[in-house]
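Please read the structure below before turning to the comments.
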Amino acid sequence: MHPVIKTVLERLGLGLATLFFVSIIIFSAIEMLPGDFGQAILGQAALPETVAAFRQELGLDKPAYIRYFDWALGAIQGDLGTSFSGRNASGADRSAEVVDKIAPRLWNTLFLASMAALIAVPLSLILGILTALYRNSFFDRSVNTATLTTISFPEFFVAYILILFFASLNQIFPSLANVDPDTNFGERIYRTALPAFTLTLVIVAHMMRMTRAAIINLLASPYIQMAKLSGASQTEIILKHALPNAWAPIATVIAFNLAYLVVGVVVVEVVFVYPGVGQLMVDAVRTRDIPVVQGCALIFAVTYILLNLIADIIGIVTNPRLLHPK
Amino acid sequence: MNKDTNTYSAAGEVGSVLESRSTFTRLKIELNKAPLTAKFGIFIIIVFVGLAIFAPLIAPYGEAEVFPEPYAPWSANHIFGTDQIGRDIFSRLIFGARNTVGVAFATTILAFLIGGALGLAAAINRSYLDLFLSRTVDVLMAIPQLIFALVLLSIFGSTVINLIIIIAVLDSTRVFRLTRAVSLNVVVMDYVEVAKLRGENISWVMRKEILPNILPPLIAEFGLRFCFVFLSIAALSFLGVGIQPPTADWGSMVRENASLIQFAQYDLKAAMTPLLPAAAIALLTVAVNFVVDWFLHKTSGIKDEK
Amino acid sequence: MKNKKDNTTLLQIKDLKIEGFSDERWHKIIKGVNLQLKRGEVLGLIGESGAGKSTLGLAAMGYTQPGCRITGGQINFDGVDLSKRTDSEKRKYWGNRMTYVAQSAAASFNPAHRLINQTTESTIRAGLKKQSEAFDEARALYDALNLPNPETIGERYPHQVSGGQLQRIMTAMAMSPNPDLIVFDEPTTALDVTTQVEVLAAMRDIVKTYGTAAIYITHDLSVVAQMADRIKVLRYGEEVEEAVTRKMLKSPKEDYTKSLWSVRSIQKPEKKSKDIILEVKNVDAFYGSFHVLKNINIKLPLGRTVALVGESGSGKSTVARVITGLLEPKIGSVKFKNRELPPSLKGRTKDQLQKVQMIYQMADVAMNPKQTVYDIISRPASFFAGLTGANLRKRVIELLEQIDLDESFIDRYPSELSGGQKQRICIARALAANPEVVICDEVTSALDQIVQEGILKLLGRLQKDLNLSYIFITHDIATVKAISDEVVVMNEGEVVEQGLKSEIFSPPHPEYTELLLSSVPEMDPDWLTDLLKARSY
């Protein structure tokens, strides 16, 4: 088998194994709940029979590994169980399916994240490469200090400053990003402008600094000096000699920061009251609605693992040592 | 440097060597040469630590002291006004330094104790222990930290102790990786082999040969981890699942007063209130990052191109 | 390509001064050096580390490394002062009229491109030749440089060929635009001696054939003697002397130049000894499934030195690991004074550990940078002999005096010592344990010649004074001659030959010993020519 295919398959296998373990961790959340949590959710007034019925519905009478497989099989088919909320002591059940809660919001979150990524990725790559090329220039040092400052800002600080200037003092954008399925595309972009801009500011700093470091590292290779001494121009050195070896580090940088976006999205959604998965998850944590927390966590984790997997695969298929084995 | 080769002596041998100086003079020279950003950072850190230690002496009112007027405007009595139930914002900011910074500091220390010890053990042991720990850390790091923290908090509930333990354990994964990596670089050094060949026990090798040499990168990492932990805890508190009221904490203070920002057109000062604790968080993080950046630049010995 | 050799001046450097930035200050690297090179002439630049020879070599191309600057003087290349030109003007010369061959070929080739594209890149960029023409000529150059499969080797990627081949391909790359000047920067330093011979021969022939002028930078006088018409000796960024090669070798003027081959002047008469202190018996050892040592038998006579000679990968350092117990042998054993040592380090007693001490190649990494000289030397003395307080300090000072240093060094850190001083401290640390056997693993190969001489003399004196027995691991034949009583030649994990020094160095030799010994460059400008002649029969 060609080493590239072999390595990619190995990496895929590793990704699957990671996913398996991660799903076990998320699943065991429900295992770690104290024994009387049924009472806590249904309320003090709940009758013992109601609590028992609830426990049976969750399948707590079955062994853990069987419940894990039930849960995992369900998750693969898009069934994440039923929410804890909407139940009460009388046994009446108005709870919703977790999937129905997540699905519409997932689309919102993806929309917001992609909008931020579309601006942030090209911007930070360009800035990163420029600062690496003009290292220690005034431009580089100012960008360095500025990004060092912004990576130190909590997301909500950036968000509220933007709100103060663009929504409160000057009413250019709305401070609440309330969208629903009927909002048309242009309106949607307008309403998500501030949250997207916040996310962009937060990750550009990280991504740009890492790109700069990766490029500087690359430019220090002896073969770059060799290229200079063979008369190659600056552009030629970047495009022909540095870039073919830069895909792996750049892919890693992008994946790392998109994964970071996943985390940033939670806070930003709460600030702007944006109906996304992040806000749903935070609400679920506050009310200890475990099935919803599990569902959201699973989605975030899968995204995260997938992004890292893609970055690694890009690194593998652009590695000349694997592409052209001995 | 010109010397007569006929009178070669080992003691007089010259090479490109460092001048012999005491640690104190070195430190003084370094501090004088430090860039403005680093000096600023050190100053801010000292101020914040002072505030945290002497909070009860500096703050005009108590941490949870309630006054009759909620949302009072900025005035001589209440420099930054009062919050939604009438507590003095300025006093809470000062107590917040103690609580927020204190919790973040304790968490970082705990993360380093766990991650550092396990990382060192894995680097020296290099067998099943290393394999087991490294794989476990890989899996733990496959879930975004904030998400993982949210899951755990939903199970165990949001108390300060839970918060410290959960964040510390999650963050120790990164400390583990770094400690293991830098220790591995040191473990392969000949001087460690010399100690082993002499028959020194593991604890001596760890304390005398490895630890002093991995300390500089670990100190820098401590600064970075502190920033990260500090921001994570602030984010969780802001989301309402971190440090709980009535404890004064910067993250939750932002959240409690957030609605004031809508009135910027009418009362800009009041609208700034939620930004104050957020700015305090940002200021300390910037300060630590500036110092770490300078420290890294010093110790890495990287010679940037001109 | 026509031969460019004539008597006109190609390169003239006048009073060149270069500074480099380190430790927050500008340091002078080149302090006013003059250099003249005629067309078709080869100039050897020789000097020890820190002499500024690489900086000068690059400056000859008008190039300064990042963090360096030219502060004065001229670099006249064919009538143009390169020190006053911008990078984009100099680019017209680089890779066209002047080319560069770097020390580490493996790192200097771009891993992402095929070798032939890299060989011809600058030629095609400069518009000297069309691609097909340049490719054909590159293949001809591969052939002329004795590369295997010259027609197809260029299709490979850098990681697919060996180090010696890469170095020759880099020479082809430098020759491809048919330049006026090539700068060779230590091109064979990273190669084993047997590989070095072929690369040297190939480079010399091709430079002669095309009549290209060259600057050949090295620290090895015997190598430069084969390559250069004239030799310039540098030290601390200044010229020591310059002369035609033969004259320089026969009658160097300066004492410093003489000291450059000082190691070769140490002669030690061999002595036999009947008492065996240490014996390696029938040892086979593995790294994983890799068979590193195959049936090794070595006897170390009391108070004598056994030199273990071989190239990289011969297993000579692994023998040391087996003796010290770091690597357990699969079969066989190590005997100290006729009693078998436990195979692994863990099984050995303090007493057994004390008797065998080790000194390493890189003194830099053999000392903990966070410990003072006192910490480093006193630990074995307190650990093994149980000395404390004033007695311990007295012992440390005594040891420092034994290695020609004094009490003033006691509080220094390794970073405050020179290379030779560091190695002396490592020797003192080994002595502090009161050993009977000392294993020296390439202890002099990272040091400059004059420092090497000092260390070798010190080791010789200590052997006499303390009746020490040495196992001396080295790849350098001159060092073997200078220190050993007996010699063990190793190749690919096996002992090729062993015996008294006089037996090993006099014919007849087994095939590998012959190859190894004949490949060591000698201080004779005709050595390479004679060797190639002899080998072609």
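The values are calculated or read from the model by the stated rules, or taken from the named source; none is laboratory data. Being a predicted model, the structure only gives us computed values, none of them experimental. Ideal geometry is used to build each Cβ from the backbone, glycine not excepted, and the neighbour counts take in all protein chains shown. These area figures cover heavy atoms from the full protein model, side chains too; ligands, DNA and RNA do not enter into them. Shrake-Rupley method; radii C 1.70, N 1.55, O 1.52, S 1.80 Å.
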I want to confirm something. Restricting to the stretch C:77-106 and keeping residues that are more than 12 Å from every other protein chain (Cβ to nearest Cβ) and under 26 Å from residue C:172 (Cα atoms), which single residue is most open to solvent (accessible area, probe 1.4 Å)? C:78
Any residue in the stretch C:207-216 that is surrounded by fewer than 19 Cβ atoms within 10 Å (Cβ to Cβ) and within 27 Å of residue C:310 (Cβ to Cβ)? no
Of (1) open to solvent by less than 20 Å² (accessible area, probe 1.4 Å); (2) of a type in the set (Phe, Trp, Tyr); (3) within 13 Å of chain A (Cβ to nearest Cβ); (4) free of Cβ contacts under 8 Å to residues at least 40 places away in the same chain, residue C:109 satisfies all except one. Which? (4)
Hey, residue A:196 open to solvent by less than 10 Å² (accessible area, probe 1.4 Å), more than 10 Å from every other protein chain (Cβ to nearest Cβ) and not in a helix (DSSP H, G or I) or not: no
Counting only residues that are open to solvent by 40 Å² or more (accessible area, probe 1.4 Å) and either within 18 Å of residue B:180 (Cβ to Cβ) or more than 9 Å from every other protein chain (Cβ to nearest Cβ) (or both), how many does the stretch B:199-211 have? 6
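Does residue C:233 count as β-branched (Val, Ile, Thr) and open to solvent by 70 Å² or more (accessible area, probe 1.4 Å)?
no
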Do we have any residue at all in the stretch C:49-68 that's in contact with a strand residue (DSSP E or B) (Cβ under 8 Å, 6 or more places away or on another chain), on the phi < 0 side of the Ramachandran plot, in contact (Cβ under 8 Å) with a residue 60 or more places away in the chain and surrounded by fewer than 16 Cβ atoms within 10 Å (Cβ to Cβ)? no
Show the residue pairs meeting these rules: Cβ distance below 6 Å; 6+ apart or different chains; first residue within the stretch A:168-179 and more than 9 Å from chain B (Cβ to nearest Cβ); second residue outside any helix (DSSP H, G or I) and modelled with pLDDT of 85 or more. A:176/A:273; A:177/A:192; A:177/A:272; A:177/A:274
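For (1) at pLDDT 90 or above; (2) farther than 23 Å from residue B:273 by Cα, each residue gets a yes or a no:
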site: A:165; (1), (2): no, no
site: A:171; (1), (2): no, no
site: A:183; (1), (2): no, yes
site: A:188; (1), (2): no, yes
site: A:196; (1), (2): yes, yes
site: A:205; (1), (2): no, yes
site: A:216; (1), (2): no, yes
site: A:248; (1), (2): no, yes
Only strands (runs of 3 or more DSSP E) wholly contained in the stretch C:267-365 count here; list those with 3 or more residues that are open to solvent by 10 Å² or more (accessible area, probe 1.4 Å). C:276-287, C:290-301, C:331-336, C:356-359
Kindly list the number of the only condition in (1) open to solvent by less than 50 Å² (accessible area, probe 1.4 Å); (2) within 14 Å of another protein chain (Cβ to nearest Cβ) that fails for residue B:91. (2)
I'm trying to understand the selection: among the residues of the stretch B:252-278, which are part of a helix (DSSP H, G or I), facing chain A (nearest Cβ under 8 Å) and open to solvent by less than 40 Å² (accessible area, probe 1.4 Å)? B:254, B:258, B:261, B:271, B:275, B:278
Could you say whether any residue in the stretch B:176-183 is open to solvent by 50 Å² or more (accessible area, probe 1.4 Å), more than 9 Å from every other protein chain (Cβ to nearest Cβ) and not hydrophobic (A, V, I, L, M, F, W, C)? yes
Would you mind stating whether residue B:169 is out of contact with any helix residue (DSSP H, G or I) (no Cβ under 6 Å at 6 or more places or on another chain), free of Cβ contacts under 8 Å to residues at least 60 places away in the same chain and open to solvent by 50 Å² or more (accessible area, probe 1.4 Å)? yes
Where a residue in the stretch C:306-332 is more than 12 Å from residue C:491 (Cα to Cα) and its partner, wherever it lies, is among the small types (Gly, Ala, Ser) and outside any strand (DSSP E or B), with Cβ under 7 Å and at least six apart: C:306/C:484; C:307/C:484; C:325/C:344; C:328/C:344
Answer yes or no: is there a residue in the stretch A:168-187 that is under 24 Å from residue A:127 (Cβ atoms), assigned to a helix (DSSP H, G or I) and assigned by TED's automatic domain parsing to the domain that holds residue A:121. no
Would you be able to say whether some residue in the stretch B:66-83 is assigned to a helix (DSSP H, G or I), touching a residue at least 40 places away in the same chain (Cβ under 8 Å) and crowded, with 17+ Cβ neighbours inside 10 Å? no
Lone unmet requirement of (1) away from chain B (no Cβ under 14 Å); (2) of a type in the set (Lys, Arg); (3) touching a residue at least 12 places away in the same chain (Cβ under 8 Å) for residue C:339: (3)
In the stretch A:203-241, how many residues are open to solvent by less than 10 Å² (accessible area, probe 1.4 Å) and more than 14 Å from chain C (Cβ to nearest Cβ)? 5
Selection status of residue C:73, touching a helix residue (DSSP H, G or I) at 6+ places or on another chain (Cβ under 8 Å), more than 11 Å from chain A (Cβ to nearest Cβ), among the small types (Gly, Ala, Ser) and under 25 Å from residue C:19 (Cα atoms): yes
Please verify whether the stretch C:421-435 includes one or more residues that are open to solvent by 10 Å² or more (accessible area, probe 1.4 Å), assigned to a helix (DSSP H, G or I) and not hydrophobic (A, V, I, L, M, F, W, C). yes
In the stretch B:135-158, residues that are outside any loop (DSSP other than H, G, I, E, B), open to solvent by less than 20 Å² (accessible area, probe 1.4 Å) and out of contact with any Leu (no Cβ under 9 Å at 6 or more places or on another chain) total 3
Checking residue B:163 against (1) open to solvent by 30 Å² or more (accessible area, probe 1.4 Å); (2) away from chain C (no Cβ under 14 Å), only one condition comes out false. Which one? (1)
Scan the stretch B:214-233 and give yes if some residue there is open to solvent by 60 Å² or more (accessible area, probe 1.4 Å) and away from chain A (no Cβ under 11 Å), otherwise no. yes
So the strands (runs of 3 or more DSSP E) completely within the stretch C:23-107 holding 2 or more residues that are over 26 Å from the mean Cα position of the chain (by Cα) are C:25-38, C:68-77
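What number of residues within the stretch C:158-179 are closer than 25 Å to residue C:128 by Cα and either within 13 Å of chain A (Cβ to nearest Cβ) or open to solvent by less than 20 Å² (accessible area, probe 1.4 Å) (or both)?
14
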Quick check on the stretch A:29-56: of everything there that is facing chain B (nearest Cβ under 9 Å) and surrounded by 14 or more Cβ atoms within 10 Å (Cβ to Cβ), which residue is modelled with the highest pLDDT? A:29
